[in-house]
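Since the structure comes first, as structure tokens, the remarks are kept for the end.
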Amino acid sequence: MSHYTREILLAMTNKQNIRNISIISHVDHGKTTLSDHLLQAGGLISRIMAGSARVLDYLDEEQKRGITIKTANISFIYKFNGESFLVNLVDTPGHVDFSGMVSQALRLVDGVIIVIDAVEQVMAQTETVIRQAMKEGLKPLLFINKIDRLINELKLTKKDIKIRISNIIQMTNDLINQYAPSQFRKEWKVRVDVGTVIMGSALHGWGISKYSVNEPKFEDIIDFYSEKQIEEIRENYPLIEAVLPSVIKNISNPVDSQINRMRLITKELDKDAENYLSKCDDNEKVVLCIGKLMHDDNRGTISIMRVFSGKVKSGTLVKNVRTGEIGKVHQVCIYKGQSLVTIDSVTAGNIAAIIGIKDGIIGDTFIETKGHIPKLLFSPISYIQEPVISRRVEPRKIADIPKLQKNLEILTLIKPNFSYSYDENTGEIKIYGIGELQLEIIIGEIEELGIKVEVSEPEVSLVEQIEKEESITKIDTLEFVEISVTCKPTESESESEIIYKDSRNNILIVEIEEINQGIEEILIIGFKNAILKGPVNNKPIRNITVIISEIKELEKNALRYEILVPLVRTAIYEAIQKADIGVYEPIYSFTITTPMHYLGQVLKITQKFDCEIKDTQHLATRTIIEGKISVESSLRIATELRSASEGYAFWQFQLKGYERKK
């Protein structure tokens, strides 16, 4: 056993000194560069490499593009005030196409570091990731990065820098106040004086906060930059001495965190389950939640799980609360970047990589089978985005079709906001994702497996939606069963009533007491069949809530699959036809950042593609344009923006909603 592994195992048992954190931000604001410095503090990379190694970006595509496109996690030891602290760090993507991975990562941790570029300030994806973190009940820290750009590029005075920093803090706190759980809105606002705000430059390796060893002085930093003394800034104001003490002092340990979070992230929670989560005790029953899935050809499915209670080890039998299936843990590991390190066990409050559990999906709850099993179910992990782009995929070799389908099944399981369809009549295979980048990356992963494919141009995924409520009572053709169904546009519904919800915001509610699980599963199948294709243009149904309020058994033992499935499907379909259904197209909100001298050309292009401009912010060297655009137009605008700005404009799209197609 290596020295690294021995240190990690020893630290896992001291709950008070564990910190589980994630770094979140808008794309290219500096998350992974900051991660490098934290890993240097843990002795995992050299001081010279910190800031440029991009250790957690280990995929070729990530290194090539300079962005993080998946979540990576790593554990390290940080010595502070004579004590050893175990930091479990989860890096996340900033690009909106991979926002689903952020949602997954946040279930695993207890706090977040929000990274904001001092020049670009709060951007669209900044708001998205803050909203995701607040929904998961995670206390935030703020790192205002790239202060060097305010000094070197914008030439701001000390007074103007302070105004800029104050504005960023205020904008961040406005979002925290808007999205945080009500009981934490005041406490979680970030402040310089309590050490929850850090400022600095991850690229140059310096930072200042309440915890800096040397008293922070902007005058000194400005002087160092004017004399090009970068090394002196790093020596006087080391980034890790500003960031990690803030993490230790302000992010809760797992015990305290679970007490605060358990009601925010659970759908069902009885007294026994509440006891397990609040104690975070190694000696209690094992309670796990899947936050991420990975696949390895040799190991099969790898479940990245938060251990909320107990000690999970090889041989532990756990029950999937969603399916009722019992599985056996074969192997327990921790991640060290891209490497898996096998260990004997992982204790409560930590993050584990579990091999052997085969029937899990992201967000599933697993409880040890021995003794009484409490009533506990973690809330499903919710995603901000949904698939709106598709591409047809055809293997160059017909013999590769089974292999392609097998790997698409795996990718559907492990990739959030990704799915595929196969038409048995035509043989057509289509893949669906949030955006072009996500699908481009997935196509690259398929070809890396040796499956060469022909791919169509991206297409927009249209949907069908209803606009009013409609109810129907229907009897099957044999007159064995009568069912009452109401269909209405999806609004906010009580989580406890929902028995099924999909990525298109389609919800099934069954308002019938004492209905068994087998019948529920049959109703879900009928519901899924009904919403596959709408009656207007054979497009998928979106944003519908179906309430089954009554099922009458007119003949004994009639509640069978072959009767219920077609009856549910037909009843829902007929109700949909009466509910003012139409074809809808997805609409993006967009942010375009362009240097000032390209603004005229960029605005001409936005007019050409019928963009609706909502706001224009003129900064010192660039302009930020915000508005909305149809997803269909977004597929064509990128090339023209790139050409008009000679590659200097940056844009990002985010799903805003759907509008009825004219």
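What follows draws every value from the coordinates through simple rules; no lab data is involved. The model shown is predicted, which means the values in this text are computed figures rather than measured ones. Note: ideal-geometry Cβ built from the backbone for every residue, glycine included; neighbour counts use all protein chains shown.
When each of Cys289, Cys487, Cys333 is scored by the number of other beta-carbon atoms lying within 10 Å, the sequence from fewest to most is Cys333, Cys289, Cys487. When Cα extents along the principal axes in Å is calculated for this entry, the matching label among (1) 88, 66, 53; (2) 82, 71, 58; (3) 117, 63, 40 is (1).
With the simple spin-label model, which puts each label point 7 Å out from Cα in the Cβ direction, the Ile498 to Thr157 separation comes to 5.3 nm. Only the Cβ atoms of Lys and Arg (+1) and of Asp and Glu (-1) were treated as charged; on that basis the dipole of the chain about its Cα centre amounts to roughly 1140 debye. Computed from Cα positions, the angle between helix 517-530 and the longest principal axis of the chain comes to roughly 90 degrees. Relative to the longest principal axis of the Cα atoms of the chain, helix 631-644 runs at roughly 30 degrees.
Here the stretch 262-378 is treated with +1 on each Lys and Arg Cβ and -1 on each Asp and Glu Cβ, and its dipole about the Cα centre works out to around 60 debye. Our estimate of slack between Glu227 and Lys313, defined as 0.36 nm per intervening residue step minus the Cα-Cα distance, is 25.4 nm. The Asp174 and Glu479 beta-carbon pair, evaluated with R₀ = 60 Å, returns a calculated FRET efficiency of approximately 0.50. The ranking of Trp651, Trp188 from fewest to most other beta carbons within 10 Å of each one's beta carbon is Trp651, Trp188. Taking 7 Å steps out from each Cα toward its Cβ at Gln331 and Lys397 produces label points 2.8 nm apart.
If R0 is 22 Å, the Cβ-Cβ spacing of Thr639 and Ile613 corresponds to a FRET efficiency of close to 0.60. The ranking of Ile114, Ile509 by Cβ neighbour count inside 10 Å, starting from the fewest, reads Ile509, Ile114. Angle of helix 124-135 to the longest C-alpha principal axis of the chain, folded into 0 to 90 degrees and rounded to 10: 70°. Comparing Val388, Leu86, Trp206 along the charge dipole axis of the chain, the residue lying farthest to the positive side is Trp206, per the Cβ-charge model. For Ser182 and Val583, a Förster radius of 45 Å and the Cβ-Cβ distance give a FRET efficiency of 0.70, rounded to the nearest 0.05. Taking 0.36 nm per residue of sequence separation and removing the Cα-Cα distance, the Lys528/Thr5 pair yields an extension gain of 183.6 nm. In percent, rounded to a whole number, the relative contact order of the chain is 10, using alpha-carbon pairs under 8 Å and six or more apart. Candidates Leu138, Ile401, Ile637 compared by Cα position along the dipole of the chain: farthest toward the positive end lies Leu138, with charges placed on Cβ. Neighbours of Ser166, meaning other residues whose beta-carbon lies under 11 angstrom from its beta-carbon, give a summed charge of +2 when Lys and Arg score +1 and Asp and Glu score -1. A simple charge model with +1 on the Cβ of Lys and Arg, -1 on the Cβ of Asp and Glu and nothing else charged puts the dipole of the stretch 134-285 at about 640 debye relative to its Cα centre.
With helices as the sole contributors, the chain gives -9500 deg cm²/dmol at 222 nm; each DSSP H run of n ≥ 4 counts as -39500 (n - 2.57), and the sum is divided by every residue. One chain, two ends: Thr426 and Glu445. Fully extended at 0.36 nm per residue, the span grows by 4.4 nm beyond their Cα-Cα distance. Backbone amide hydrogens, once placed in the peptide plane, bring Ile302 within less than 5 Å of Met294, His295, Asp296, excluding anything fewer than 5 places away on its chain. Toward the positive end of the charge dipole of the chain, with +1 on the Cβ of Lys and Arg and -1 on the Cβ of Asp and Glu, the farthest Cα among Gln121, Pro586, Gly300 is that of Gln121. Within the chain, DSSP assigns beta bridges of which about 80% are antiparallel (rounded to the nearest 5).
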